[in-house]
């Protein structure tokens, strides 16, 4: 009997499942031991991929917890592509609903940050705007402009000190208090992680969504100063064009 791909995949990801029909030894006896070894190797490889993809999540929960969690994750979310580069895209949402991880409520946000770092690293190159590009636009036109952003730019909203948590576990810095959304950019070769204020995050999220500068600034509240955020975006080569 020929084994279907669906049956094979189901058996590979379920440690309690017997080898699918058609998986036999040379003597036509069901290859139980060989299949168990192969199944274990697949699980180990996927777990290793997740450990590589989410080193701070791994550090926060510990080796034993992470591997147990990975075993549940990989069976609920098998790879969608043979390329392991982005395996784990569903991890943030998985962690949001994973009851044993509720004692670390910021864990899904950390996973989103680490996922964004990977996507930023592999994003296409883009040419940034000139530092004086805004100065070429008439002041009365500024509220109507919109920006295009480099593909490597991501904003991770969070009500936790996200950048500080990440930096503490990668560089040994102190953990700050308060909400700290995070900006991911790639000004040169490696992604950069910058803390944002909630107001900056709200304005930047609106700009990335295509809102005009005038409308986006309203998300920052009364008296919002766009200067520091603009300076950060220019320094990180995040802006690629201006439209008016």
- Output for region 60-110, where each listed residue is without any contact (Cβ under 8 Å) to a residue 12 or more places away in the chain and in a loop (DSSP other than H, G, I, E, B): 62, 80, 81, 82, 83, 97, 102, 103
- Task: Considering every residue within region 170-183, establish whether at least one is within 19 Å of the chain's Cα centre (by Cα), touching a residue at least 24 places away in the same chain (Cβ under 8 Å) and part of a strand (DSSP E or B).
- Result: yes
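Residues checked against (1) surrounded by fewer than 17 Cβ atoms within 10 Å (Cβ to Cβ); (2) within 25 Å of residue 220 (Cα to Cα):
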site: 88; (1), (2): no, no
site: 95; (1), (2): no, no
site: 111; (1), (2): no, no
site: 115; (1), (2): no, no
site: 144; (1), (2): yes, yes
site: 149; (1), (2): no, yes
site: 169; (1), (2): no, no
- When you go through 34, 75 one by one, which is the residue that is in contact with a helix residue (DSSP H, G or I) (Cβ under 6 Å, 6 or more places away or on another chain), at pLDDT below 95 and at negative phi? 75
- Query: Does any residue of region 47-59 turn out to be in a loop (DSSP other than H, G, I, E, B), touching a helix residue (DSSP H, G or I) at 6+ places or on another chain (Cβ under 7 Å) and modelled with pLDDT of 65 or more?
  - Reply: yes
- Any residue at all in region 208-222 that is in the same structural domain as residue 135 (by TED's automatic domain parsing) and within 20 Å of the chain's Cα centre (by Cα)? yes
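The values are calculated or read from the model by the stated rules, or taken from the named source; none is laboratory data. None of the values given here were measured: they were computed from a predicted structure. Methodologically, a virtual Cβ is constructed for each residue, glycine included, from the backbone with ideal geometry; neighbour enumeration extends over all protein chains shown.
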